[in-house]
Amino acid sequence: MSVKIFETQEVQDFLRTAAGLTNDGGNPRTKAIVHRIISDLFKAVEDLDITADEYWAGIAYLNQLGARSEAGLLSPGLGFDRFLDMRMDAEDAELGVDNKTPRTIEGPLYVSGAPVEHGFARLDDGSDTDGHLLIMHGTVFGADGKPVPGAQVEVWHCNTKGFYSHFDPTGEQQAFNMRRTIIADAQGRYKFQSIIPKGYGCPPDGPTQALLNQLGRHGNRPAHIHFFISADGHRKLTTQINIDGDPLVYDDFAYATREGLVPPLVERNDSASMQAHGVDAPFAEIVFDFNLTSLVDGVDNQIVERARLSA
Ligand code: MBD
Ligand code: FE
């Protein structure tokens, strides 16, 4: 079809009516957003001559996405999460805020309510026997460059199958396995023992992977560990580190890898190191400090509220 009707008064009036712009009720912000999005989509239908069959395939796809709770997975896969971060980085650049520790995306698999520990935590419950022992530690620094005693380090990662507790299709993991909140000690230090996670892969039979297949893309992430770092007087930092050496570190389907977030991982197998960290087997050590930024005009100007699982 080569007909062009988008610019007609009839279609433009119709878009305003459908978005509620011609009535007094509802929410003006919602109306503005819906008007823009349906306008852009109508125009895409016309410009790309999207067929009825293609349109209805899209509608069926949205239903599948919801039925599998994968909207939050497609979002990073299509780069939206990264784009929101790029916008926050640009806003910070304009304000002169230096994020010494880069932010990167949260992803869809955080769960609030993890056990709280002080200074040190063991994250894994020991049931994943394929795991290589990991000790990670460092200091949380404030905007003034000084350590922040009592800073809150929320950490979560997946197991050696790439599955996160609370989202594990095998049902094998205990609640909050590999999830903790660690309160930094009097010197601002945190430390945890766990196992090195494996990379994550989108459910192979799910709608996100199905779309990625159509794009000729894979749906895998390199091995990574997520963090929320918070402290009084500072903005909450959302970030991740990658496990150095993972072949997908620079080929992440969710585009979360950033320079400065791939710390070296050092294998330790000498008894002095094992003794120093209270473990009885060789382990990998990651040392990583987090640098927070100040509130802007007394508020966290970039705090993100979103629906999150709470257990
Ligand atoms: C993950 O573990 C993740 O961190 C992201 C961003 C997307 C899917 C799974
Ligand atoms: Fe993740």
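Give, rounded to the nearest 20 debye, the magnitude of the charge dipole that the stretch 1-141 has about its Cα centre when Lys and Arg contribute +1 at Cβ and Asp and Glu contribute -1 at Cβ. If you can, show how the numbers build up before the last one.
Working: 12 positive and 24 negative charges, 67 e Å.
Charge dipole of the stretch 1-141: 320 debye, to the nearest 20.
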**Asked** Along the Cα-to-Cβ line of residue 281, 7 Å from the Cα, sits a label point; which residues in the stretch 184-202 have backbone N less than 16 Å from it?
**Response** 193-198
**Prompt:** Residue by residue, what Karplus-based ³J(HN,Hα) values in Hz, rounded to whole numbers, does the stretch 180-192 have, using 6.51, -1.76 and 1.60 with θ = phi - 60° and x for Gly and Pro?
**Reply:** 8, 10, 10, 8, 4, 6, 5, 9, x, 8, 10, 7, 9
**Request:** List the residues whose amide H sits under 5 Å from the amide H of residue 101, counting only those 5 or more places along or on another chain, with H placed 1.01 Å from N in the peptide plane.
**Result:** 291
**Rounded to whole Hz, the Karplus (6.51, -1.76, 1.60) HN-Hα couplings of the stretch 206-214, x for glycine and proline** = x, x, 5, 4, 4, 5, 4, 4, 5
**Asked** Under 18 Å from the 7 Å Cα→Cβ point of residue 69, by amide nitrogen: which residues of the stretch 93-114?
**Response** 106-114
**Request:** Can you spot the lysines whose alpha carbon is less than 26 Å from residue 4's alpha carbon? Ignore those fewer than 8 places along the same chain.
**Result:** 31, 43
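What shape does the stretch 202-307 take by its C-alpha gyration tensor, where a ≥ b ≥ c are the square roots of the eigenvalues and a/c under 1.5 counts as rounded, a/b above b/c as prolate, and the rest as oblate?
Working: a/c = 2.56, a/b = 1.09, b/c = 2.35.
Note, shape of the stretch 202-307 comes out oblate.
Restrict the search to the stretch 248-311; then list the GluC sites (Glu not before Pro) that DSSP places in a loop and that have at most 12 other Cβ atoms within 10 Å of their Cβ.
Details: sites: 259, 267, 285, 305; in loops: 259, 305.
Passing sites in the stretch 248-311 are 259, 305.
Once R0 is set to 51 Å, what does the formula 1/(1 + (r/R0)^6) return for the Cβ-Cβ distance between residue 297 and residue 62, expressed as a FRET efficiency to the nearest 0.05?
Details: r = 39 Å, r/R0 = 0.77.
Step by step, r from the Cβ atoms, then E = 0.85.
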**Item:** Angle in degrees between helix 80-95 and the longest Cα principal axis of the chain, rounded to the nearest 10
**Value:** 80 degrees
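Subtract the Cα-Cα distance of residue 95 and residue 183 from 0.36 nm times their separation in residues, and report this length gain in nm to one decimal. Please list the in-between numbers first.
Details: separation 88, 0.36 × 88 = 31.68 nm, distance 2.98 nm.
Value of the extension gain: 28.7 nm.
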**Message:** 7 Å from Cα along Cα→Cβ at both residue 259 and residue 10: what's the point-to-point distance in nm?
**Reply:** 5.5 nm
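Quote the FRET efficiency, to the nearest 0.05, computed for residue 272 versus residue 160 with a Förster distance R0 of 35 Å and r equal to the Cβ-Cβ distance. Please report the intermediate quantities before stating the final value.
Details: r = 28 Å, r/R0 = 0.79.
Once rounded, the FRET efficiency stands at 0.80.
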**Request:** In square nanometres and to one decimal, what's the mean projected area of the convex hull around the Cα atoms of the stretch 133-215?
**Result:** 7.8 nm²
**Asked** How big is D for the stretch 87-140, in µm² s⁻¹ as a whole number, if Stokes-Einstein is applied with the Kirkwood radius of its Cα pairs at 20 °C and 1.002 mPa s?
**Response** 140 µm²/s
**Message:** Can you report the principal axis dimensions of the stretch 1-50 using only the alpha carbons, biggest first, rounded to whole angstrom?
**Reply:** 37, 17, 11
**Message:** Taking amide H atoms as placed 1.01 Å from N in the peptide plane, list the residues 5 or more away in sequence, or in a different chain, whose amide H sits under 5 Å from that of residue 180.
**Reply:** 155
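Taking 0.36 nm per intervening residue step and subtracting the Cα-Cα distance, what contour gain separates residue 49 from residue 289 on full extension? Show your work: numbers first, answer last.
Values: separation 240, 0.36 × 240 = 86.40 nm, distance 5.17 nm.
Taking residue 49 through residue 289 to full extension adds about 81.2 nm, to one decimal.
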**Prompt:** Helix 28-47 versus the longest principal axis of the chain: what angle, 0 to 90°, nearest 10, using Cα atoms?
**Reply:** 70 degrees
**Asked** Kirkwood Rh over Cα pairs of the stretch 136-275 into Stokes-Einstein at 25 °C, 0.890 mPa s: D in µm²/s?
**Response** 145 µm²/s
**Prompt:** When all C-alpha to C-alpha distances in the stretch 74-310 are sorted into bins of 10 Å, what percent of pairs does each bin hold, rounded to whole numbers?
**Reply:** 7, 31, 38, 19, 5, 0
**Net charge, residue 108 excluded, C-beta distance under 13 Å - Lys, Arg +1, Asp, Glu -1** = +1
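In nm, what is the difference between 0.36 nm times the number of residues separating residue 168 and residue 22 and their Cα-Cα distance? Present the calculation step by step, with values, prior to reporting the outcome.
Numbers: separation 146, 0.36 × 146 = 52.56 nm, distance 4.69 nm.
Stretched fully, the residue 168-residue 22 segment lengthens by 47.9 nm.
Take each of the peptides 24-32, 12-20, average the number of other beta-carbon atoms within 10 Å over its residues, and list them starting from the highest. Please report the intermediate quantities before stating the final value.
Numbers: 24-32: 10.0, 12-20: 14.6.
Output ranking for 24-32, 12-20: 12-20, 24-32.
Throughout, read-outs are computed from the coordinates displayed, never taken from laboratory work. For clarity, every value in this text was computed on a predicted model and none was experimentally measured. With ideal geometry, Cβ positions are generated from the backbone for all residues, glycine too; neighbour counts draw on all protein chains shown.
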